[in-house]
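Below: one structure, written as structure tokens.
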Amino acid sequence: MPVVRINGIQLHYEEHGTGDPIVMVTGTGAPGRMWRTHQVPALRASGFKVITVDNRGIPPSDPGAEGFTLDDMAADIAGLIEHLGAGPCRIVGFSLGGIIVQELLLARPELVRSAVLMATSGRADTFATAQAIAEMDLADSGVKLPPRYAAYVNALQSLSPHTLADDQRLRDWLDIFEISAVDLASVRGQLGLQLIPNRLRAYAAIRCPCLVLGFEHDLIVRPQLTREVADAIPGARYTEIPGCGHYGYLEKPTAVNAALVGFFTGAPPAAAVAAPGRGRVAAPSGGPVAIPAGGPVAAPSGGPVAVPVGVPVGAESRS
């Protein structure tokens, strides 16, 4: 289990494959293994080495000092890239991970050659603020939601109407959400980090080539917030994946992986269709991908568990 001491904490990471490195940064409460099921195999098959990381606050990485910041988390990723001699590298950030990467692009631009920002945002609007505060209140209350209720709430927040209407797929998702339910108190240090001031003007200083991915039915980071980031970064391209919610990288892995590989290899988005607005394209929808029996589940806590064929896995706690 590779662990390195960076910025005063022990940071756990994994390396998969060989080739040019891609660093992948997760969202709130999520472990690095969330990428294993779909993204790691696709990127390895395209000739890349994939580096995943458990952010501070996610075991086996250290929790870090109480009150750590986005700057601290960006510095963690910078330190890992330097430790591995991986810079300048390609990088992927999802949700909170996208915001972390955006701050990294401003603070240490020499470490990154290109970036994909998925389900990200550049400001906390009224709804995002209300959600974050409510989750912090719940974590601080000491109340633990029954796993089945937590699974139901997670499904409503994170899945698309298409998945909610598919009884078999939804049952599979609910089973996984129940098994991997997260106690918000255990990730309290990360909660609220998306309560950021408006950073969109600052992103005008980003010079790194960026692809920004939104998910059509995302209720946690609504695609209009993600599109704002693409509009703020000079030369960034926006792609919206249809037919998926916040867990778009799991609901539509074929489309998401095609976007990642195409961008990082320089392949033109030939299959995409034009959408309104500067530099925006809408990706073709990708069907569900069956997972082999016994494949790893990138659950927010605990080790991998075996799941039946076709079960969608890899969900994080929220964002």
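The values are calculated or read from the model by the stated rules, or taken from the named source; none is laboratory data. Keep in mind that this is a model prediction, so the values were computed, not measured. Cβ sites come from the backbone with ideal geometry, for glycine too, and all protein chains shown count toward neighbours. SASA here: full protein model, heavy atoms, side chains in, ligands and nucleic acids out. Shrake-Rupley method; radii C 1.70, N 1.55, O 1.52, S 1.80 Å.
Structure above, values below:
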{"item": "Some residue of the stretch 57-74 being of a type in the set (Val, Ile, Thr) and open to solvent by less than 30 Å² (accessible area, probe 1.4 Å)", "result": "yes"}
{"item": "Top-ranked residue in the stretch 45-56 [being within 20 Å of Met34 (Cβ to Cβ) and in contact with a Ser or Thr (Cβ under 9 Å, 6 or more places away or on another chain); ranked as surrounded by the most Cβ atoms within 10 Å (Cβ to Cβ)]", "result": "Asn55"}
{"item": "Contacts under 9 angstrom Cβ, first residue in the stretch 80-107 being closer than 15 Å to Glu15 by Cβ, partner open to solvent by 20 Å² or more (accessible area, probe 1.4 Å) and of a type in the set (Val, Ile, Thr), 6 or more apart", "result": "none"}
{"item": "Residue identified as touching a Lys or Arg at 6+ places or on another chain (Cβ under 6 Å), within 17 Å of Ala230 (Cα to Cα) and at pLDDT 95 or above among Gly122, Gly97, Gly93", "result": "Gly122"}
{"item": "Of residues in the stretch 89-120 being over 11 Å from the mean Cα position of the chain (by Cα) and closer than 18 Å to Lys49 by Cα, the one surrounded by the most Cβ atoms within 10 Å (Cβ to Cβ)", "result": "Ile91"}
{"item": "Sole residue being aliphatic (A, V, I, L, M) and closer than 18 Å to Asp125 by Cα, chosen from Ile206, Ile196, Ile233", "result": "Ile196"}
{"item": "Within the stretch 46-129, strands (runs of 3 or more DSSP E) holding 3 or more residues that are of a type in the set (A, V, I, L, M)", "result": "48-54, 112-118"}
{"item": "Entirely in the stretch 178-269, the helices (runs of 4 or more DSSP H) that have 1 or more residues that are within 15 Å of Ser95 (Cα to Cα), modelled with pLDDT of 95 or more and open to solvent by 20 Å² or more (accessible area, probe 1.4 Å)", "result": "223-232"}
{"item": "Any pair with Cβ under 8 angstrom, 6 or more apart, that starts in the stretch 13-36 at a residue that is more than 10 Å from Asn55 (Cβ to Cβ) and open to solvent by 10 Å² or more (accessible area, probe 1.4 Å) and ends at one that is among the β-branched types (Val, Ile, Thr) and not in a strand (DSSP E or B)", "result": "His16/Val40; Gly17/Val40"}
{"item": "Met34, sole failed condition from (1) outside any loop (DSSP other than H, G, I, E, B); (2) closer than 25 Å to Ala132 by Cα; (3) touching a helix residue (DSSP H, G or I) at 6+ places or on another chain (Cβ under 8 Å); (4) not acidic (Asp, Glu)", "result": "(3)"}
{"item": "Every pair of residues 6+ apart whose Cβ atoms lie under 9 Å, when the first sits in the stretch 109-123 and is under 19 Å from Ala75 (Cβ atoms) while the second is aromatic (Phe, Trp, Tyr)", "result": "Leu117/Phe94; Thr120/Phe94"}
{"item": "Which listed residue is open to solvent by less than 30 Å² (accessible area, probe 1.4 Å), within 30 Å of Arg237 (Cα to Cα) and among the hydroxyl-bearing types (Ser, Thr, Tyr), from Thr163, Thr129", "result": "Thr163"}
